[in-house]
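The values are calculated or read from the model by the stated rules, or taken from the named source; none is laboratory data. Because the structure is predicted, anything quoted here is derived from the model rather than measured. Virtual Cβ from ideal backbone geometry, glycine too; neighbours counted across all protein chains shown.
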Amino acid sequence: MPTTVVTGGAGFLGSHLCERLLAAGHKVWCLDNLDTGSLTNIAHLRDDNFSFVQHDVTTHIEIPGDVDFVFHFASPASPIDYLRLPLQTLKVGSYGTHNALGLAKAKRARFLTASTREVYGDPQIHPQPESNRGNVNPIGPRGVYDEAKRYAEAMTMAYHRQQGVDTAIVRIFNTYGPRMRAFDGRAIPTFVRQALENKPITVFGTGAQTRSFCYVDDLITGIIALAFSTEHEPVNIGNPEEFTLLELAEMVVELTGSSSEIVFEALPVNDPQQRRPDITRATELLGWGPTVQLRDGLTRLLDQSSRAELTGRIVGA
Ligand code: NAD
């Protein structure tokens, strides 16, 4: 039975990853300081093979026994969180990544770090291949997240090249699904919450900026395939189907049968205009591609979540 450590395992993506790993027969250590995650996300994972440890990974990590995989997912991830927690975001990308890599080195485990399409910043190439070096403003408010993730990638490659650690880097594009927080500020949970409460749907700018949205089950399948591969260079995982934020808002209104009107608000600073992954590498190296289209994924999200979760009216949501 493989033993796997998931940092940030009580978060949105980490909890889905823990769930999938347990189902695949792994023994899972979930480490989380609960800064932006919640015990509610892992309450259903009562299993002899599942251990939760409340731990801040910016400090030394100690796990007894053998470890085969380390998945490093700990980090504030939504703009609302990393703008509120700028120093924690920089620390978990730097010290946290260092400690998680140190654990992987000590245990001779395969290490996979959750990077992000934000390393491309406001991209000048569309769609974005992994070879794109990015257009990031290091001193803008979002720099704390973008640069932490770029540093984490640099440290991961240094541990691979100089220390011989078996490493992988996934660049995650916008992902959605059950257990996103209703108030995390990202477009899908915000629009769904507003639509269910028949409140105005707040679209930034003209809503012409595009995003691609990957359903969480597809993302986790891609990440596990990458972990089990021998690849070391970054791999984009995301759904290349592109929608404008206005199209997304209209789809959410339709699927929820809401009477909400769509209103337009000022664009946040350095908000990227367009985002779409080039997934050629994921397809060629891993045989991976998304299977859930946006309309189906939104329907699943609405079916699999309670109204209280989607409107943020329960503790931990
Ligand atoms: P999340 O906020 O739900 O999960 C992050 C988890 O990390 C939380 O449970 C939080 O408590 C934990 N954490 C933060 N700092 C910690 C620390 N110092 N020690 C221990 N735990 C800590 O966010 P998410 O959406 O699940 O994102 C998970 C990872 O995936 C992040 O690294 C994020 O950057 C990356 N990512 C996510 C997306 C997305 O669309 N959700 C896109 C790109 C990258």
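Things to note:
- Qualifying residue in the stretch 49-64 (condition: β-branched (V, I, T), closer than 21 Å to T175 by Cβ and more than 8 Å from the ligand (Cβ to nearest atom)): no
- Taken as a whole, the structure places P141 among residues that are surrounded by fewer than 19 Cβ atoms within 10 Å (Cβ to Cβ), in a loop (DSSP other than H, G, I, E, B) and touching a helix residue (DSSP H, G or I) at 6+ places or on another chain (Cβ under 7 Å).
- Selection count, the stretch 278-309, where residues are aliphatic (A, V, I, L, M) and at pLDDT below 95: 1
Conditions (1) β-branched (V, I, T); (2) in contact with a Lys or Arg (Cβ under 7 Å, 6 or more places away or on another chain); (3) surrounded by 19 or more Cβ atoms within 10 Å (Cβ to Cβ); (4) farther than 19 Å from A74 by Cα, marked per residue:
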residue	(1), (2), (3), (4)
R193	no, no, yes, yes
F204	no, no, no, yes
F213	no, no, yes, yes
I224	yes, yes, yes, no
H232	no, no, no, yes
T244	yes, no, no, yes
A249	no, no, yes, yes
I262	yes, no, no, yes
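- In the stretch 163-170 there is no residue that is assigned by TED's automatic domain parsing to the domain that holds R110, buried (at least 22 other Cβ atoms within 10 Å of the Cβ), hydroxyl-bearing (S, T, Y) and within 19 Å of P268 (Cα to Cα).
- Candidate set: the stretch 153-206, residues that are within 16 Å of the ligand (Cβ to nearest atom) and of a type in the set (D, E); chosen: the one farthest from G14 (Cα to Cα): E153
- Within the stretch 47-60, residues that are assigned by TED's automatic domain parsing to the domain that holds L34 reach partners that are assigned to a loop (DSSP other than H, G, I, E, B) with beta carbons closer than 6 Å, at six or more positions or on different chains, in the pairs D56/N33; V57/A74.
- Taking the stretch 243-277 as the range and being among the polar types (S, T, N, Q) and at pLDDT 90 or above as the test, the residues that pass are T244, T256, S258, S259, S260.
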